Every structure is written in structure tokens, then in C-alpha cells.
Amino acid sequence: APLRALPEPGSPLTTRELGFEDFLRDVKPMTRPAPTAGDDPGFWLYSSGSTGRPKGTVHSQANPYWSSELYGRRLLGLRADDVCFSAAKLFFAYGLGNGLTFPLTVGATTLLMAERPTPEAIFRRWRGGVGNLKPTIFFGAPTGYAGMLAHPGLPARGEVALRMASSAGEALPAEIGQRFKAHFGVDIVDGIGSTEMLHIFLSNRPGDVRYGTTGWPVP
């Protein structure tokens, strides 16, 4: 919707419509980074509203670095040759790390998807049907994993390049993790996170997954 420019208090009330292009005309590229500190406010993310209306959660400039370093790089072991693919979109805290800050931190490739994360859409990308890229790391949620395992079009192990999968958003049933491991030969690394913490703060570990548990604190 158009924005309205308001006069100074006490002036006659007049309005005019300003479009986004009007603001861009007066903007010049920054010649140097803004003088921010790590604990300065950087951005807001809104919670899911599970206890009422969604709440704006303020994150510092340094928060994306620390979640990427502690969980993405050190815990998951993401590498520059990985192709990351997240079912959760960038406007979720889970998806923001999976699809943006984690891969960019290590120089990996990220595969974004605008459409709904249906099994068919996910399988197409697992098989390399978009950009000829086969994801090596997939980030999903238990409901999605259950739906994919029950789908008749589930790819065979040899059709995909997955080396790891991650799960959050709800508790992962042990049976789902075990069936996924039996079919694809890779574990689902389950953890729990929140918008307030920006990403996962309790998690299983690659190579040490205990299905039916949430894992240990992310150091």
C-alpha cells in the first residue's frame, strides 16, 4: 500500500502518495559498512504465536554469526562443497539459518524453493531437477519426513546425494528417523530451537544420533 507523508504538527493537513521508487531515487550506495557492534539490534523475527499473537523477537548483529558457527559449522560440519536445501522458508528462524546464513558462512551452495514443500517438489530437487543440483544436506520437519516416507514416489537411495538430514519444529518420532536411515543410509539429526534463540540449541550429533531424544546442548 502507498505510504503517506505527514506535515509537521500544527500545519494544515495534506497528504500525497509515495511509492517505493520515490524513496529509491534519493538513496545512494553505502561506501563503507555501518559502524555497528555485535550486540547492536540487527533484525526482528516474529514468533509463531503459539501462546497468542506473534511476538517480535529482536536479534543482534552477531546472532547469525554465532548460530552459523556453533551449529552450522561446528555441530553439523557443513562444508564448502555442500548443497543445502531447506523445506522451511527464510522468514522462519529455522529456514533463515538453513537456507542463508549457514551455507554462506562456509561458502556452500543453497537451493531455495518458493513453492509449498510438498513431497513431489522436494523429491524433484533431491533428484537434481532444479539447476542440476543435488542437495547434500536437507532440513525438514517430522511431519514432512513422515509424508515423504509414505509417498509412492519416494526416491531410491541411489537417486539422491544426501549425506545428512536435519529436523526441528516438533519432536521426531524414533520410528521416522529409523525408517529414513534404513532407506537412505543417513541419519536425521534431530534438535529443538526457537525464534527467540534464532536456531537450534539442543541437538543430537552427526554420528551420535539417539532417536527418541532431543540431544545435548549446542556448545
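Read-outs: derived from the displayed coordinates by stated rules, not from any lab. In this text the structure is predicted, and so the values were computed from the model without any measurement. Cβ placement follows ideal geometry from the backbone for every residue including glycine, while neighbour counts extend to all protein chains displayed.
By count of other Cβ within 10 Å, fewest leading, how are Lys28, Lys55 ordered? Numbers along the way, then the final one.
Values: Lys28 5, Lys55 14.
Fewest-to-most ranking of Lys28, Lys55: Lys28, Lys55.
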Check: Between segment 151-205 and segment 89-118, how many Å separate their Cα centres?
Finding: 16 Å
Notebook entry, point to check: Stokes-Einstein D for the chain at 4 °C, 1.567 mPa s, Kirkwood Rh over Cα pairs, in µm²/s?
Noted result: 66 µm²/s
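Just to confirm a number: summing +1 for Lys and Arg and -1 for Asp and Glu over residues other than Pro219 whose beta-carbon lies under 13 angstrom from that of Pro219, what do you get? Mind dumping the intermediate values first?
On the way: positive: Arg73, Arg74, Arg205; negative: Glu69.
So the surrounding residues net to +2.
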Notebook entry, point to check: So, how do all the Cα-to-Cα distances of segment 35-91 break down into 10 Å bins, in percent, from 0 on up?
Noted result: 19, 36, 36, 9, 0
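As a check on your grasp of the helix formula, calculate [θ] at 222 nm for the chain: sum -39500 (n - 2.57) over DSSP H runs of n ≥ 4, divide by the residue count, round to the nearest 500. If you can, show how the numbers build up before the last one.
Numbers: 7 runs with 47 residues, N = 219.
For the chain, the value works out to -5000 deg cm²/dmol.
Pop out the Kirkwood hydrodynamic radius of segment 74-176 from its pairwise C-alpha distances, inverse of mean 1/r, in Å to one decimal. Each step should come with its number before you reach the end.
Numbers: mean 1/r = 0.0725 Å⁻¹.
With all distinct Cα pairs of segment 74-176 included, I get 13.8 Å.
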Next item on the list: Quote the charge dipole size of the chain about the Cα centre in Debye, to the nearest 20; the model charges only the Cβ of Lys and Arg (+1) and of Asp and Glu (-1).
Entry: 460 debye
